[in-house]
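> This structure is in structure tokens; I'll ask about it shortly.
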């Protein structure tokens, strides 16, 4: 990792930390919850070797990037604006944007809203959902999620809504939370018999998210103690609040994207998911709708046995597919 260059840029009202490697056409990586630029540690050298300038962001609220206190500062226009600002600050006329988990919607909607700047888009684990417009008065995304959960179940995104509640739960034991998320949402949890299928994020009313997380006796092969320590050390400095604030803007998402209703992503696109990833909408219906919606979806792949952390669980497959996609642009 010693070849990586760490820099910051002032843009969109905050300081954004990023890590880069290589020279060539710009590829910007956006991570998700509760991660870091470090989640792309296997992709940066692979893409640099393939002839690209690979740049992994510490997203708003994470790592050494500014974490605004205002919850609304984590809504999707700000998140897109951060990526746009970095591309412009790096002096590139265009870039390919790549995202995982929450970074995937940022990548999708960056490409949707700024086709002049983003010449292609690649996403992992969260499929593209076209804008639906503002919901009717009295209807909210959180309300729909609550109705779907039913009277006896909670849902992790709903548990994250009240400021301070999830922070207290997850920060009580940072190592357990980090390792629990990484293992519970991985394909290993299913392969080892700890889960019959991937965790879908629901749990009994009255319990907490941390109680749902499974901590393995031994680390899976794709994860080292150094990796876990890096994530834990980052969260010791920042806490979970910044990342949780992304979820606290879910109700604002339909209205923020309303100007783009009826529009789709015309640029070349790429999607990979894991067969055991149930947390982020990898259902046959959603995947089928995405494939029907994107006119230039050049790569679609579900990795059998994989969970949510694709670029870490299966870096070779991701690197090969992503390099092939980029080389074909």
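The values are calculated or read from the model by the stated rules, or taken from the named source; none is laboratory data. All of these numbers come straight from a predicted model, not from anything done at the bench. Cβ sites come from the backbone with ideal geometry, for glycine too, and all protein chains shown count toward neighbours.
> I want to confirm something. Restricting to the range 287-312 and keeping residues that are closer than 12 Å to residue 125 by Cβ and out of contact with any helix residue (DSSP H, G or I) (no Cβ under 7 Å at 6 or more places or on another chain), which single residue is surrounded by the fewest Cβ atoms within 10 Å (Cβ to Cβ)?
Looking at the filtered set, the residue picked out is 302.
> Could you identify the single residue in 94, 69 that is without any contact (Cβ under 8 Å) to a residue 12 or more places away in the chain and either under 16 Å from the mean Cα position of the chain (by Cα) or assigned by TED's automatic domain parsing to the domain that holds residue 302 (or both)?
Matching residue, one of 94, 69: 69.
> Based on this model, can you work out whether residue 267 counts as touching a helix residue (DSSP H, G or I) at 6+ places or on another chain (Cβ under 6 Å), in a loop (DSSP other than H, G, I, E, B) and either touching a residue at least 60 places away in the same chain (Cβ under 8 Å) or not assigned by TED's automatic domain parsing to the domain that holds residue 113 (or both)?
Yes, satisfied.
> Look at residue 280 and say whether it is under 24 Å from residue 37 (Cα atoms) and at pLDDT below 95.
yes
> Residues that are crowded, with 23+ Cβ neighbours inside 10 Å: list the helices (runs of 4 or more DSSP H) wholly contained in the range 79-162 that include at least 1 such residues.
Helices (runs of 4 or more DSSP H) meeting the threshold: 103-113.
> Moving on to the next point. Do we find that residue 62 is under 21 Å from the mean Cα position of the chain (by Cα), surrounded by fewer than 24 Cβ atoms within 10 Å (Cβ to Cβ) and either modelled with pLDDT of 95 or more or not in a loop (DSSP other than H, G, I, E, B) (or both) in this structure?
So residue 62 fails the test.
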